[in-house]
Amino acid sequence: QVQLVESGGGLVQAGGSLRLSCAASGRTFSTYCGGWFRQAPGKEREFVVAIGRSGTSTYYADSVKGRFTISRDNAKNTVYLQMNSLKPEDTAVYYCAAGPNMSVYARFYQYWGQGTQVTVSS
């Protein structure tokens, strides 16, 4: 069992930056791939980015490529999402997830955090 807790969300103006953290506890987090998803009001949860177990493999949604950066520190059991050049359309609840493989599909992730709100004002 893995417990995930996100933090770092908040309100930021367009063009600004935020860094989200996802702290894991329980089983060894380094044995899992990580992912970030987001869900805006009235919309389905969408894939943002995934990272492999060691952190060397990453995959980004086109909508965030070049603006967001995922990383992980397995010694701290934490995955980070650095978000730069934020846009109002990035407003959503952001969820971190852990699973056996990197995937763009939420159903392949076993463990989820409770989410953290990111609001970007124009």
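Could you please report the charge total around Asp90, scoring K, R as +1 and D, E as -1 over all other residues with beta-carbon less than 14 angstrom from its beta-carbon?
+3
Straight-line reach only, C-alpha to C-alpha below 28 angstrom: list the lysines that Lys43 could link to, leaving out same-chain residues fewer than 8 apart.
Leaving aside lysines fewer than 8 places away in the same chain, those within reach of Lys43 are Lys65, Lys87.
Aspartates and glutamates near Lys76 by alpha-carbon distance under 15 Å, same-chain residues fewer than 8 away left out - which ones?
Glu6
If the elastic network links every pair of Cα atoms under 10 Å, which of Ala75, Ala23, Ala98 fluctuates the most in the Gaussian network model of the chain?
Ala75
Could you pull out the chymotrypsin sites (Phe, Trp or Tyr not before Pro) across segment 41-120 that fall in loop regions by DSSP (anything but H, G, I, E, B) with no more than 12 other Cβ atoms inside 10 Å?
Answer by residue number: Tyr105.
Output wanted: per-residue J couplings in Hz (rounded whole) for segment 47-54, from phi through Karplus 6.51 cos²θ - 1.76 cosθ + 1.60, θ = phi - 60°, x for Gly and Pro.
Computed from phi, the couplings for segment 47-54 are 5, 10, 6, 10, 9, x, 4, 8 Hz.
Provide the three semi-axes, in whole Å and in decreasing order, of the ellipsoid equivalent to the chain as defined by the square roots of 5 times the Cα gyration tensor eigenvalues.
Values for the chain, descending: 22, 14, 13 Å.
Using a 1.4 Å probe on the protein heavy atoms only, what accessible surface does Ser63 show? Give it in Å² to the nearest 10.
Approximately 60 Å² for this residue.
May I ask you to evaluate 6.51 cos²θ - 1.76 cosθ + 1.60, the Karplus curve with θ = phi - 60°, for each residue of segment 108-114 and list the ³J(HN,Hα) values in order in whole Hz, giving x for glycine and proline?
8, 9, 8, 10, 9, x, 8
Each label point is 7 Å from the Cα along the Cα-to-Cβ direction; what then is the distance between the points at Lys76 and Gln39, in nm?
If labels sit at Lys76 and Gln39, their model points lie 2.8 nm apart.
Projected onto the charge dipole of segment 1-97 (+1 at Lys/Arg Cβ, -1 at Asp/Glu Cβ, origin at the Cα centre), which of Ala23, Phe37, Ser85 gives the Cα projection farthest towards the positive end?
The Cα lying farthest towards the positive end belongs to Ala23.
For each cysteine in the chain, check whether another cysteine's C-beta sits under 4.7 Å from its C-beta; list those where none does.
Result for the chain is Cys33, no neighbouring Cys Cβ within the cutoff.
If you plug each phi of segment 62-78 into the Karplus form 6.51 cos²θ - 1.76 cosθ + 1.60 with θ = phi - 60°, what whole-Hz ³J(HN,Hα) values come out, in order, with x for Gly and Pro?
Couplings: 4, 5, 10, 4, x, 10, 10, 9, 9, 8, 9, 10, 5, 5, 9, 6, 9 Hz.
Give the shape of segment 21-66 as rounded, prolate or oblate, defined through the alpha-carbon gyration tensor: a ≥ b ≥ c are the square roots of its eigenvalues, a/c under 1.5 means rounded, and otherwise the shape is prolate if a/b is larger than b/c and oblate if not.
oblate
Mind checking which of Ala61, Ala97, Ala24 has the largest fluctuation in a GNM of the chain, springs on alpha carbons under 10 Å?
Result: Ala61 has the largest fluctuation of those listed.
Which GluC sites (Glu not before Pro) in segment 44-108 sit in a loop by DSSP (not H, G, I, E or B) and have at most 12 other Cβ atoms within 10 Å of their own Cβ?
Glu44
For the chain, what is the accessible area per residue in Å² when the probe is 1.4 Å?
Dividing the accessible area of the chain by its residue count gives 50 Å².
Could you work out how much longer the chain between Thr28 and Thr69 gets when fully extended? Use 0.36 nm per residue separation minus the Cα distance between them, nm to one decimal.
Result for the pair: 12.5 nm of gain on full extension.
Given a 1.4 Å probe and every protein chain left where it sits, what share in percent of the accessible area of the chain is carbon and sulfur?
Taking all protein chains in place, the chain shows 47 percent carbon and sulfur surface.
The values are calculated or read from the model by the stated rules, or taken from the named source; none is laboratory data. Worth saying up front: this structure is predicted, and the values here are computed from it rather than measured. Heads up, the Cβs are rebuilt from the backbone with ideal geometry, glycines too, and the neighbour counts pull from every protein chain shown. To get the accessible areas, we keep the full protein, side chains included, count just its heavy atoms, and leave off ligands, DNA and RNA. Shrake-Rupley method; radii C 1.70, N 1.55, O 1.52, S 1.80 Å.
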